[in-house]
Amino acid sequence: NDFYDAEVMALGSSYWYSIGMLIDGGGNDSYNLAQYGMGVGIHLSLGAMYEMGGDDQYHSRHGVVGATAHDLSVGLMVDSEGDDFYIVGDGWGGSLTNSYGLFIDKLGNDLYATRGGAGYSFGKARWARGFAGAAIFLDLEGKDTYPKNVAAKDSSIWISSGWGIGMDLPREVKSEKEETFTDVEPTAEDSAKSLSELYRLANQWEVGSAREEVARSRKAMLAKGTLVLEFIINGPHTIEKDDISNLDSFLEKLQDEENPLSIHLYGELLGATDHLINEYEQSTEEADSIRDALSDTLRQALVDELNQMLNTDSFYNAKLFRDVEIEEDLLKEVKADPEGIELFRTNWHLLEQAYPSEIIFRNGRLRTRASLENRVLDQIVKAMPDSAGPMLIEKLAETSNGDDLRYFSNNISLLGTLKWKPAVEPLLELLEDKNLEKARNSIIGTLGSIGEIEAAKPIHKYLNADTEKRRITTMGALGALKDSTAIESMTELLNDKFFTVRSRAMMTISGFGALAIPHLLDYIGNEDSDHPESALYIIGRIARNLEKKEDVASKKTIYEASTILNGHLSNQREHMRAEAVVGLYRIGGEETRRLIDARMENEFNPVVLAAHERVTKEMAGK
């Protein structure tokens, strides 16, 4: 439930040859902006915003917000679901000066308020320079409310100037979160599919009609038992462009008319790829930048075709390979007329034998960068933890030399998903390995996920790491480990130059509850502290987290926090007074709130008054 507050050019905005994005994962959020933001592109740029759900409030005093774009730009905004309030000068799917604006609210009963007929709102485009871009406004579901004097209406379609369109669909759609497929069972056709095909289907986006197919495919895949683990951990992977380690040598072998596999592969290449090969080979006199660009394009074209051919037909031709020495086990594989994953594996092994120095061959699905695929991997290992844990540990030893950091990082991430305690000792041994410097954040995070307190002391020192991300990761891990000895060091990070580090410190310290208060008081009392108001915020948050608890210790902590906050209502520093007002208003009763309201009659500072206004609105909505 986030609060976003900005003046101009923020919240997924862009300006001059740039891209700006904001993605919020859900919750009942509040967005406040003066002008230019929430998925807005200005001057040859692209701005995008994606709000995944919740009952949200969007407010802008002037406009040019919410999927509105200006001067050959693009503005995109999607709100997935929830009953939302859109209050703005003008915006929501507008096109100013030859641009493209697309606004989509997918679900919910929404309220839209603008200045009326003025401005460019609800799918309205501006004609300029002899042409116009497109403005599109789509509200796809719910009973919605619009201003009276605009073309937009609930359950209607409207067109603006021939270049803009708005649609409010009269549908009642069930939220995807409400519609689940936990009871769906695989069909006989699903069960007959190969493991690689089921894995591919299981990794689709879970939207629309694909949602049921994904659920069936995942169940059918998991029904194959430990074969799935073998497939993801040790099975063949696709080739990526960077895996062609020696392009010139590969091209030379690929065009070798005495190499039986090359004869087959080169003959199957598309004309476009063959043209790229010729262009690259003739570019020796070109500038390095041009040749590098050609190399990159050619590598991608080659791996795209190789990956497709790996799954299509056997690379083995008995006549062509009659004079080629093949390992006995591989020869048995190719003569067995393999299909599906076996065909892929056999072709993979033939490639390995033909181009051992030209292509880096890596096994397993754990090299993925895709978040969707990582989600499926999590589901697989959770379904078979007792089998997955030992296999992942074994692979940990094989990949700890630093040659394949992506595989290593995904591997230990899965160990963290399983909270696999036997992984703690080997991970601690690898923590200082210089070959794994780039994976050290992953190791620290995994140790936190597993949750064994013995890992706390070895990672404590990384609170002082040089990199912003490592300090953040370390705090998250120590918070997960409940290491109270780290509170003092984390309190010092409230002085960190990075806002992201300070935010993580605030979040993590608040999780320690009453244990953190003495350290926070020391920080507030230290005149060298840069952000004492952050410590005051944490104290208020600690009390707020205990509000529903009835035990004596919790009540005592709330009382202590209230006393501390009350003592800072008269603090000379405006930000301290503001945090005291907000904290007390949230945890106090009606009498406390009346007293704070009365104090505000004599308050002059706009920071404190704005904080009071914000918290009164917040509490009125509860």
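In segment 152-171, which residues are outside any strand (DSSP E or B) and over 14 Å from Gly91 (Cα atoms)?
Lys153, Asp154, Ser155, Ser161, Gly162, Trp163, Leu169, Pro170, Arg171
When you scan segment 82-108, how many residues do you find that are among the hydrophobic types (A, V, I, L, M, F, W, C) and part of a loop (DSSP other than H, G, I, E, B)?
2
For segment 115-125, does any single residue satisfy the condition of being without any contact (Cβ under 8 Å) to a residue 12 or more places away in the chain and touching a strand residue (DSSP E or B) at 6+ places or on another chain (Cβ under 7 Å)?
For segment 115-125, residues without any contact (Cβ under 8 Å) to a residue 12 or more places away in the chain and touching a strand residue (DSSP E or B) at 6+ places or on another chain (Cβ under 7 Å): absent.
Can you tell me which of (1) more than 31 Å from the chain's Cα centre (by Cα); (2) over 25 Å from Tyr15 (Cβ atoms); (3) among the aromatic types (Phe, Trp, Tyr) is the one Tyr120 doesn't meet?
Of (1) more than 31 Å from the chain's Cα centre (by Cα); (2) over 25 Å from Tyr15 (Cβ atoms); (3) among the aromatic types (Phe, Trp, Tyr), only one is false for Tyr120: (2).
Go through (1) without any contact (Cβ under 8 Å) to a residue 12 or more places away in the chain; (2) farther than 22 Å from Leu377 by Cα and name the single condition Arg470 misses.
(1)
Rundown of residues vs (1) out of contact with any helix residue (DSSP H, G or I) (no Cβ under 6 Å at 6 or more places or on another chain); (2) of a type in the set (S, T, N, Q); (3) at pLDDT below 85; (4) within 19 Å of Met221 (Cα to Cα), yes/no style:
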| residue | (1), (2), (3), (4) |
| --- | --- |
| Leu310 | no, no, yes, no |
| Ser314 | yes, yes, yes, no |
| Leu320 | no, no, yes, no |
| Asp337 | yes, no, yes, no |
| His349 | no, no, yes, no |
| Ile380 | no, no, no, yes |
| Thr399 | no, yes, yes, no |
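Inspect segment 109-116 for any residue being part of a loop (DSSP other than H, G, I, E, B), closer than 12 Å to Ile136 by Cα and either in contact with a Pro (Cβ under 7 Å, 6 or more places away or on another chain) or not hydroxyl-bearing (Ser, Thr, Tyr) (or both) and give the result as yes or no.
No: segment 109-116 contains no residue that is part of a loop (DSSP other than H, G, I, E, B), closer than 12 Å to Ile136 by Cα and either in contact with a Pro (Cβ under 7 Å, 6 or more places away or on another chain) or not hydroxyl-bearing (Ser, Thr, Tyr) (or both).
Test Ala397 against the stated conditions and say whether it is in a helix (DSSP H, G or I) and over 15 Å from Phe231 (Cα atoms).
It is true that Ala397 is in a helix (DSSP H, G or I) and over 15 Å from Phe231 (Cα atoms).
Results for (1) assigned to a helix (DSSP H, G or I); (2) over 27 Å from Asp530 (Cβ atoms); (3) touching a residue at least 60 places away in the same chain (Cβ under 8 Å), shown as yes or no for each residue.
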residue: Gln572; (1), (2), (3): no, no, no
residue: Val581; (1), (2), (3): yes, no, no
residue: Ala598; (1), (2), (3): yes, yes, no
residue: His612; (1), (2), (3): yes, no, no
residue: Val615; (1), (2), (3): yes, no, no
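Check segment 293-316 and report whether any residue there is among the aromatic types (Phe, Trp, Tyr) and closer than 30 Å to Pro390 by Cβ.
no
Between Ile326, Ile359, which is β-branched (Val, Ile, Thr) and either under 15 Å from Ile239 (Cα atoms) or not assigned by TED's automatic domain parsing to the domain that holds Glu258 (or both)?
Ile359
For segment 219-278, give me each residue that is in a loop (DSSP other than H, G, I, E, B), crowded, with 19+ Cβ neighbours inside 10 Å and not small (Gly, Ala, Ser).
His237, Ile239
The values are calculated or read from the model by the stated rules, or taken from the named source; none is laboratory data. Keep in mind the model is a prediction, meaning the values are calculated, not measured. Cβ atoms come from the backbone with ideal geometry, glycine included; neighbour counts cover every protein chain shown.
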